[in-house]
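Q: My questions will all concern the structure given below.
Please treat every number below as a calculation from the coordinates, not as lab data. Just so you know, these numbers come straight off a predicted model, no measurement behind them. As a convention, Cβ positions derive from the backbone with ideal geometry for all residues, glycine included, and neighbour counts pool all protein chains shown.
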Amino acid sequence: MSRFDRSFIDEVLNRASILDVVGRKVSWDKRKSNLARGDMWACCPFHNEATPSFHATEAKGTYHCFGCGQHGNAIDFVMATQNVPFPEAVESLARDLGLALPERDPEAGAKDDQAKRLHHALEAASAAFAQALRSSAGAKAREYLTKRGLSQADWDRFGLGYAPNSRTWLKDRLTQGGHSLADLVDAGLLKAPDDGGAPFDFFRGRVMFTIADGRDRPVSFGARTLEPDGQPKYLNGPDSPVFSKSRNLYRYAQARVAAKEKPIVVAEGYMDVIALERAGFAGVAPLGTALTEDQLGLIWKASKRPILCFDGDKAGLKAAERALDRALPLVSAEKTLAFGFLPEGQDPDDLIKSKGAVGVEAVLAHALSLGTFLFQREQDRDPLATAEARAGLRKRLRALTAQVTDPDLQRELNEEMRRSLEALFATTARPAFVPKLRGKAGDGAPIGTATSELRLKIKSGNSRPKRALVDIVTAPLRRPELLDANEEAFAGLFIDNPELDVLRHSLLDLHLAGTPIDFDSVRRHLEHLGRGECVRLVDEARTSPINPHVRPNVGGEEAKNSWLMALQRLETQRALADDAAEAVSAAGGGDEAAFARLKRLVDERRALRAQEANSSGVATDLVGLDLPAVD
């Protein structure tokens with residue numbers, strides 16, 4: 001008998017990547033393989049062949065040769081290629097994975113027998129809960145599931161059930177079926193009181209969700225209260241010899257198979273995952289805990305770039321940030337994360353009911369890359385109006401990217417942070433220092449320069465548009481609702497860059513025509529118009545690290561107000577620029593009143609900058625205008 005119990009063997013197989021194990025012995029065929037899907041082909045290492053017929057699938061954790069028939073899992077492959085017995089193959093893989101080998105346990109056989117009994121008890125409990133759901137006692141649970149849009153076919157598909165509100169209902173049923181009280185307690189189905197009294201049912205009066213392992217065997221249950229004020233709202237079974245909250249994921253076995261065609265979406269709850277799966281997505285959820293290292297490892301075995309999809313509220317943002325911090329030391333060029341944020345106040349179930357699968361697809365299409373979300377999170381921590389704050393941002397970003405252990409990815413992230421910082425802090429060149437005029441108007445020129453050198457710098461229409469203006473114009477690409485009832489204000493915005501102006505009018509045209517606005521629809525529209533430079537602006541906006549008007553953690557009304565205030569500020573800036581052009585010309589000719597007016601305009605510009613710094617944390621330059629320094 002093996003020195004390893006079944007749980008340790010399962011952990012080795014769950015953590016081991018079949019592609020990594022097999023890839024040490026074969027060269028993958030690049031034409032036939034699809035690394036993104038974890039579907040790889042090679043010439044068989046067990047017999048000579050010229051055409052690849054050896055197939056390995058990451059999602060299943062298995063290999064198969066269609067030529068000679070050799071097949072198995074990672075342990076089988078090590079045994080066959082290294083000619084070692086089963087225990088040595090398990091030890092070899094465990095060492096590669098950094099798993100501590102268990103001490104030799106003379107009771108390993110007894111533990112395997114116990115695990116089998118617990119699985120049988122859990123399967124019996126799942127069947128009992130399913131039957132109770134269809135009984136008269138389950139009427140309230142059926143009403144709840146029906147309101148959530150789930151049919152009887154869904155009950156069976158997702159292993160749903162009901163636990164009657166009784167302390168002994170499940171206990172009586174399963175003990176009559178031959179299961180011992182000790183096994184039912186060990187399986188987390190019964191709870192033994194601290195005072196040594198008789199065990200009682202752990203789940204009572206709740207809708208039941210079956211939790212399965214990677215082999216789709218029941219290992220525990222999640223349960224939702226049916227009482228409006230019942231606490232806790234959701235309850236998970238305790239850890240047991242066959243179940244660990246930190247090492248399992250809800251609906252992982254199903255998502256792993258579906259992940260061949262699409263990325264895995266990590267949601268927050270059972271109903272979210274069920275809604276995603278019903279809509280055609282591969283969804284999983286952690287089990288009442290923050291996403292753990294083991295859970296990330298499971299997900300990456302099936303999906304190289306899973307998308308964490310969180311509710312659009314503060315709690316969802318916090319969950320995303322915790323996942324980011326947990327993942328940083330683990331990510332690499334081959335395994336990373338993306339972050340999708342739902343509209344405020346909605347979860348995946350709400351979004352699918354209101355907009356269908358296309359609503360989720362839009363969220364996933366706009367998901368932030370790990371680097372983008374990292375930068376945005378740190379940029380939002382503090383206002384950046386001072387040099388100290390900006391230096392602090394740079395320091396935090398360096399410390400975070402240093403946690404990435406993949407040297408190639410760390411190098412690329414550092415470069416991405418550098419570009420993002422440059423874009424965030426980009427300003428126009430400051431005007432040369434111009435000393436004040438001496439004496440009365442017309443008495444002489446400014447010290448060290450001619451009066452004629454007082455000049456206004458106005459951007460030409462063909463130059464690159466200002467970042468602040470680009471942010472305003474491209475904000476509706478991510479939040480089309482900004483245009484609702486604000487078309488006139490957007491249409492009246494002065495834009496001196498022709499390509500940005502075309503983009504603005506294209507957005508208005510699509511909005512007024514009732515065409516859904518997103519990056520792809522606008523891109524197609526601009527390509528049809530033959531505006532390649534406009535397409536480039538759209539592509540840059542899609543990958544831009546930050547747009548202050550459409551941050552995921554900003555609510556709809558707050559975003560709209562911020563956007564409208566930015567529009568008004570730009571119009572104020574343009575009016576200042578027009579007035580300043582006249583004042584500069586007159587002041588240069590010695591008009592003392594015009595010079596005083598120019599000083600007032602400079603003061604107004606400073607006040608406007610201070611207002612912007614207070615509202616957004618970042619002072620922005622006037623669009624197309626650098627006023628001279630005036631004392």
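Q: Assign unit charges at the C-beta atoms only (+1 for Lys and Arg, -1 for Asp and Glu), then state the dipole size of the range 373-425 relative to its Cα centre in Debye, rounded to the nearest 20.
A: Magnitude of the dipole: close to 200 debye.
Q: Additional query: Longer than 29 Å from Cα to Cα, which of Lys262/Lys355; Lys171/Lys233; Lys25/Lys111; Lys318/Lys466; Lys245/Lys355; Lys314/Lys395 are they? Say none if no pair is.
A: In this structure, Lys25/Lys111; Lys318/Lys466; Lys245/Lys355 exceed 29 Å between Cα atoms.
Q: Relative to the present Cα-Cα distance, how much length would full extension add between Ala253 and Asp156 at 0.36 nm per residue of separation?
A: Length gained, Ala253 through Asp156: 33.3 nm.
Q: Once you put a point 7 Å from the Cα of Asn83 and another 7 Å from the Cα of Glu123, both along the Cβ direction, what distance in nm separates them?
A: Result for the modelled spin labels: 4.0 nm.
Q: Show the residues, 5+ positions off or on another chain, whose built amide H is closer than 5 Å to the amide H of Arg206.
A: For Arg206, whose amide H was placed from the backbone, the distant partners under 5 Å are Ala163.
Q: Pull out the extension gain between His528 and Glu49, defined as 0.36 nm times the separation in residues minus the alpha carbon to alpha carbon distance; nm, one decimal.
A: Net length gain for the segment: 167.5 nm.
Q: In what order do Asp5, Asp76, Asp272, Asp156 fall by count of nearby beta-carbon atoms within 10 Å, going from fewest to most?
A: Asp156, Asp76, Asp5, Asp272
Q: Here's a follow-up. Would you mind working out the magnitude of the charge dipole of the range 214-354 relative to its Cα centre, with +1 at each Lys and Arg C-beta and -1 at each Asp and Glu C-beta, to the nearest 20 Debye?
A: The calculated dipole for the range 214-354 is roughly 640 debye.
Q: Now, a different point. If you average the alpha carbon positions of the range 541-562 and of the range 310-354, how far apart do those two centres end up, in angstrom?
A: 16 Å
Q: Classify the range 373-425 from the C-alpha gyration tensor, please: rounded if a/c falls under 1.5, else prolate or oblate depending on whether a/b exceeds b/c.
A: Prolate, because a/c is 1.5 or more and a/b exceeds b/c.
Q: Hey, fewest Cβ within 10 Å first, where do Glu277, Glu488, Glu143 land in order?
A: Least crowded to most crowded, the residues run Glu488, Glu143, Glu277.
Q: Mind sorting Trp169, Trp300 by how few other Cβ atoms lie within 10 Å of their own Cβ, fewest first?
A: Placing the least packed residue first, the sequence is Trp169, Trp300.
Q: Let me ask something else. Compare the Cα positions of Val404, Phe375, Phe425 along the charge dipole of the range 373-425 (+1 at Cβ of Lys, Arg; -1 at Cβ of Asp, Glu; about the Cα centre) and return the one farthest towards the positive end.
A: Most positive-ward Cα: Phe425.
Q: For the range 107-243, what class follows from the C-alpha gyration tensor (a ≥ b ≥ c being the square roots of its eigenvalues): rounded when a/c is under 1.5, otherwise prolate if a/b is larger than b/c, else oblate?
A: In terms of gyration-tensor shape, prolate.
Q: Sequence neighbours fewer than 8 away in the same chain don't count; with that in mind, list the aspartates and glutamates whose C-alpha is under 12 Å from Lys560.
A: The reachable aspartates and glutamates, counting only those whose Cα sits under 12 Å from Lys560, are Glu481, Asp484.
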